[in-house]
Amino acid sequence: MLREYDFTLITKGELPETDAAKVIEGYEALMVKDGGEILKREPWGTKKLAFPIKKSFRGNYINYDFVGTPENLAEMERLMRIDDNVLRHLVVRLDESTEGSVDIEARKAELANQEKEARERDLEQKRRKES
């Protein structure tokens, strides 16, 4: 059964870009395994941490909205706990009210619409500031 999750991953900010990409690709492969799909991927960039985690002062943030199986999610979380390159992760199940599978195409359309509305709001705010 596929479920929808919001997933935020923080990797070490000191990682070379190629190593960070390998770490992220491994978890993305688990997300799409067994019919899962990444609906939205937002790299938030490297940010200063409020306190050091595993002797790291900076972290590279990436946020996902994805559909996957609970089994694959459990495997991802297990691997993240033992991966030294992952500082923190947070997974939130988004479809708790439904017991069936997620309509992937409908969610993609809904997310695209939300993104379009957010861009329009940003443009409107810029126009107001310029006036």
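In this calculation the C-beta distance from Ala74 to Lys22 is compared with R0 = 22 Å, giving a FRET efficiency of 0.50. For the chain, the relative contact order comes to 38 percent (Cα pairs under 8 Å, sequence separation of at least 6). Its Cα centre serving as origin, segment 3-101 has a Cβ charge dipole (Lys and Arg +1, Asp and Glu -1) of approximately 680 debye. Electrostatic tally near Ala21: other residues with Cβ closer than 14 Å to its Cβ, Lys and Arg +1, Asp and Glu -1, net -1.
Between Ala29 and Gln114, the distance separating the two model label sites (each 7 Å from Cα on the Cα→Cβ line) works out to 2.9 nm. By the beta-carbon count within 10 Å of each Cβ, the least crowded to most crowded order of Val92, Val23, Val67, fewest first, is Val92, Val23, Val67. Straight Cα distances below 17 angstrom link Lys116 to the lysines Lys40, Lys108, Lys126, with same-chain residues fewer than 8 positions distant left out.
Values in this text are rule-based calculations from the coordinates and carry no lab data. Keep in mind that this is a model prediction, so the values were computed, not measured. All Cβ positions, even for glycine, are placed from backbone atoms using ideal geometry, and neighbour counts span all protein chains on display.
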